[in-house]
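Q: Before I ask anything, let me first share the structure, which is written out below as structure tokens.
Readers should treat all values here as calculations from the given coordinates under stated rules, not as data from a laboratory. Model, not experiment: these values are computed from the prediction. Every residue, glycine among them, receives a Cβ derived from its backbone with ideal geometry; neighbour counts consider all protein chains shown.
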Ligand code: AMP
Ligand code: ZN
């Protein structure tokens, strides 16, 4: 498989250190709020990556951390008047719910930063001992950027903007403010009861050291692949490389992959513009999780994804077309596993080739639509027999192991749901709104949503 490596800035053949086994670290959510759809786009890219690797026969060990202590979580928990752990737990739970809703496969490990303080302290100690880091009088530890000759590999830095010896305390800063960054932050009043004992006194880790420590603890000092959104490239990933390589004297990561941003109606998503969505916001508007998954997945990960509500409607229409085709295959398929016709085989090959080429999902989807187009024509002229239909269904299901958005048996409404829908319809016709609302609540409680359209009520499975 070929991937675009952000550090070499070119496509490279992915060759894991251990043949057949890819070790991946993904920067996970900062659990200070619900994930927004931009975050989810990045997690979706990582899901596509792991599913593709598995589809191609690799074993995958993926670690996704939970940032449950940093500047943002401390500030937010303080504003909420809650202890940090209690505050972040709510958003950890919400994050796992979102992953399940979007059918994102679980990583092998989800280490939380607050469970890994000893590894972080040890790493900082190593950097101090090797004199890549220094301790200030107030008990902070900073990484000395001028000691690291290779600093600035992932992003191009302007030497004039480098200010070694000056210090930056915040976890996030811009490229024009490159200075010695905090590995360990001494306890301050506003940290409240957040703090751990260390050789430098009470304090807490900087955000960057968290990911260096956790990734190396689970995946080794050198591992294959590290991912995140483009905004993670600087300073987060640049600092991770510097700290890790200076501490171990070994290469840290062999391939870096970064997904581009999601924008809404071509604008940066922000609360002030009113174009900021969490997954829950969209579910409340009755969009189906499958349509959201489809839309978040449908653009190449290195392209910006322009998210629009009209795009979601289109995604749903596309899924309806795919469902309809799968329904035709289902109805025609023989019981025994069939032989796919040659056009389905070549569609499968095109699909695999597209994904092997740096996860070219638009081309992979095009391969599916070609199968559907050819398949529908074959059904129309009755040239596809039961064995062929079963074969096509098999190919589609294999592809869905990567895509994860096709309907499954439990996505088809059973007679109990259909009956409730009919009762609701009758109540509406009788203008008995209370009864109609009661029916809707029952339908929702069974995991479905119902939306009234000009063509009647539409049912959707909430998954
Ligand atoms: P955070 O919870 O802020 O640590 O971010 C989690 C992940 O979401 C990181 O990999 C970020 O790079 C990514 N991310 C943040 N904003 C966006 C966005 N608008 N579009 C795509 N990815 C994003
Ligand atoms: Zn990280």
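Q: Rounded to the nearest 10 degrees, what's the angle between the helix 207-219 long axis and the longest principal axis of the chain, both from Cα atoms, 0 to 90?
A: 70 degrees
Q: Just to be sure I understand the model, the point goes 7 Å from the Cα along the line to the Cβ. What's the resulting residue 158 to residue 357 distance in nm?
A: According to this spin-label approximation, the distance is 3.8 nm.
Q: Report the Cα centroid-to-centroid distance between segment 164-229 and segment 81-147 in angstrom, as an integer.
A: Between the Cα centre of segment 164-229 and that of segment 81-147, the gap is 7 Å.
Q: Using Cα-Cα distances under 8 Å and only pairs 6 or more residues apart, what relative contact order does segment 21-105 have, in percent?
A: Relative contact order of segment 21-105: 42 percent.
Q: Please state the relative contact order of segment 271-411 as a whole percent: Cα pairs under 8 Å, 6+ residues apart?
A: In percent, rounded to a whole number, it is 32.
Q: Calculated from DSSP H runs of 4 or more alone, at -39500 (n - 2.57) each and per residue, what is the 222 nm mean residue ellipticity of the chain, nearest 500?
A: Helix-only estimate at 222 nm: -14500 deg cm²/dmol.
Q: Compute the distance in nm between two label points, each set 7 Å from the Cα along the Cα-to-Cβ direction, one at residue 108 and one at residue 126.
A: For the pair residue 108/residue 126, the computed spacing is 2.0 nm.
Q: Hey, another quick one. Could you give the length gained on full extension between residue 433 and residue 265, defined as 0.36 nm per residue of separation minus the Cα-Cα distance, in nm?
A: 56.9 nm
Q: Can you give the extra length, in nm with one decimal, that the chain gains between residue 18 and residue 369 once fully stretched, where that is 0.36 nm per residue apart less the Cα-Cα distance?
A: That pair, residue 18 and residue 369, stretches by 122.8 nm at full extension.
Q: Taking 7 Å along the Cα-to-C-beta vector as the label spot, tell me the residue 273-residue 383 distance in nanometres, rounded to one decimal.
A: 4.8 nm
Q: Report, to the nearest 10°, how far helix 342-356 tilts away from the longest principal axis of the Cα atoms in the chain, using its own Cα long axis and a range of 0 to 90°.
A: Tilt relative to the chain: about 20 degrees.
Q: A follow-up question, please. Using alpha-carbon pairs under 8 Å, 6+ residues apart, how would you state the relative contact order of the chain in percent?
A: 16 percent
Q: Output the 0 to 90 degree angle, nearest 10, between the alpha-carbon long axis of helix 386-403 and the longest principal axis computed from the alpha carbons of the chain.
A: It is inclined by approximately 20 degrees.
Q: OK, next. Over segment 1-134, what per residue volume does the convex hull of the Cα atoms give, in whole Å³?
A: Taking only Cα atoms, segment 1-134 has a hull volume of 153 Å³ per residue.
Q: Can you give me the C-alpha center-to-center distance between segment 265-301 and segment 1-76, rounded to a whole angstrom?
A: 20 Å
Q: Moving on to the next point. Nearest 5 percent is fine: what portion of the DSSP beta bridges confined to the chain is antiparallel?
A: 50 percent
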